[in-house]
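The values are calculated or read from the model by the stated rules, or taken from the named source; none is laboratory data. Everything numeric here is computed off the predicted structure, so don't read it as measured data. Cβ placement follows ideal geometry from the backbone for every residue including glycine, while neighbour counts extend to all protein chains displayed. Just the protein is used for accessible areas: all its heavy atoms, side chains included, with ligands, DNA and RNA removed. Shrake-Rupley method; radii C 1.70, N 1.55, O 1.52, S 1.80 Å.
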Amino acid sequence: MTSLLTNLEFWQYLSIPVIAALIGWITNWLAIKMTFFPLEFIGKPPLLGWQGIIPSKARKMAAISVDATISKIGTVPEIFQQIDPKVLATHIIHSVEPRIEEYVDEMMLREYPTFWENLPISARKMVYDRVRKSTPQLVDNLVDDISNNIEDLLDIKGMVIDRLATDKQLLNRIFLECGDAEFKFIVNSGLYFGFLFGLIQMAVWYNYQSWWVLPFFGLLVGWATNWIALNVIFRPLHAKKIGPLSIQGLFLKRQPEVAASFCHIVTHEILTVGNIINAIMEGPKGDRAGNMVKKHIKPLVDETAGMGKALTQMAFGPTGFATLKNQVGEKAIEISKTSFNNPVFEADRARAVESIMVERMIALSSEEFQDLLRPCFQEDEIKLILVGATLGLVAGICQLVFVFGGALV
């Protein structure tokens, strides 16, 4: 035993599976890192350098993610109804009512300071009271109008894509959190599969010491460990009984867990009430949404002016009254964009949307569900495998030269 432990050749052969295991682990670890990092291109474009595969194609990956998941687990009207327009209206009213005087004063002092400062306090109070009295019905009508036209006003796919394409770190986090267990498996499996390949490599080298054996097996380990790990994650799609065991792709087994993680991120950080309202007001149909707000505000201005309308028009000039209506509408739009900066309210509405999305995501077929994570591997997968194979080849050459002294047969 002592002679064996002091035998250089014994340690040389023993190093083969150990090095193969390290090659498998390093190449798989590097493959995961290269998939997500760096967020921005480092190096000299277009060829000398690297940007994570997901960040480099952020818009495309975001579009794939939306098509594979959100579009299948919730339509725009369903999501908006789950947020509940009546709850939205109530929240707006409760947010606006305590600040009616502030909003009216701010706008009037900015646009018509002399008129407003010279207006008797009793007249101002009448304006405040009229606005406060009219606000609930006005908000209800406006929210109902938006709800009835939500499909035309809200481009939810464009909204999500823009958000994820802009925030590459968030896009990465969706994949990393949903596939956390799978990514750990990929890295660790490189160690196991690499060691098994190394045992075969050791046996081949013992019987056939040709110059190409170690480099070839290094290349094979770098390529195969990645390929095997990916297939174990996604295959088989459906559970298969093999004796007492039930075999299925690792990612697919975790469908309920992944659904909960994915839907929590989407509803609490992307499809928030604030983001949805901003997407409506500032999106492709923002002008229409703004006109809708002004349409519902117009009667309020007319009613508030009331019997003093002629006097008001005289005070503001021929176009002043029309300008006032427009300014009130603009102020209403501004308020609508800032009424939902309430973390407690947003979290409550997010949970309401999350519940239905999780339920539907769990109900997706295995073919549909795999599309949540599979694209992040399919995109430029060959590049990652080639990098792994190249590193394995280099390691095999180093093993031949430095461990076995360049022995050739």
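Computed values, structure above
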| item | result |
| --- | --- |
| Protein accessible area in the stretch 103-254, 1.4 Å probe - carbon and sulfur % | 62 |
| For the chain, alpha-carbon Rg over 2.2 N^0.38 Å | 1.48 |
| Selection from Phe195, Ile362, Asn291, by position along the positive dipole direction of the chain (Cβ) | Phe195 |
| From phi via Karplus (6.51, -1.76, 1.60), per-residue ³J(HN,Hα) for the stretch 87-104 in Hz, x at Gly/Pro | 5, 4, 4, 4, 5, 4, 4, 5, 6, 7, 3, x, 10, 3, 4, 4, 5, 5 |
| Probe 1.4 Å - accessible area at Tyr112, Å² to nearest ten | 40 |
| ³J(HN,Hα), Karplus 6.51/-1.76/1.60, whole Hz, each residue of the stretch 8-21, x for Gly, Pro | 4, 5, 4, 5, 4, 5, 5, 5, 4, x, 5, 5, 4, 5 |
| Cβ crowding within 10 Å averaged over residues, with 205-213, 358-366, 40-48, 261-269 ranked highest first | 261-269, 358-366, 205-213, 40-48 |
| 1.4 Å probe accessible area per residue over the chain, in Å² | 50 |
| Over the chain: helical MRE at 222 nm, DSSP H runs n ≥ 4 each giving -39500 (n - 2.57), nearest 500 | -23500 deg cm²/dmol |
| P(r) histogram, all alpha-carbon pairs of the stretch 1-138 included - 5 Å bins from 0, percent | 2, 7, 8, 8, 7, 6, 6, 6, 7, 8, 7, 6, 5, 3, 3, 2, 2, 2, 2, 1, 1, 0 |
| Global geometry of the stretch 112-153, whether rounded, prolate or oblate, following the gyration tensor of its Cα atoms and the 1.5 cut on a/c | oblate |
| Links that overshoot a 21 Å alpha carbon limit, given the list Lys184/Lys253; Lys133/Lys285; Lys125/Lys294 | Lys133/Lys285; Lys125/Lys294 |
| Efficiency of FRET from Cβ geometry, Glu359 and Val394, R₀ 51 Å, rounded to 0.05 | 0.55 |
| Ile42 long-range amide H proximity, modeled H, under 5 Å | Trp50, Gln51 |
| Estimated FRET transfer efficiency when R0 is 41 angstrom, pair Ala260-Ile382 (beta carbons, to 0.05) | 0.80 |
| Approximate spin-label separation Glu117-Glu78, in nm, with each point projected 7 Å along Cα-to-Cβ | 5.7 |
| 3J(HN,Hα) from dihedral phi, the stretch 123-131, Karplus parametrisation 6.51/-1.76/1.60, rounded to Hz, x for glycine, proline | 5, 4, 4, 4, 5, 4, 5, 5, 5 |
| Test item: Cα-centred dipole of the chain, Lys/Arg +1 and Asp/Glu -1 on Cβ, debye | 480 |
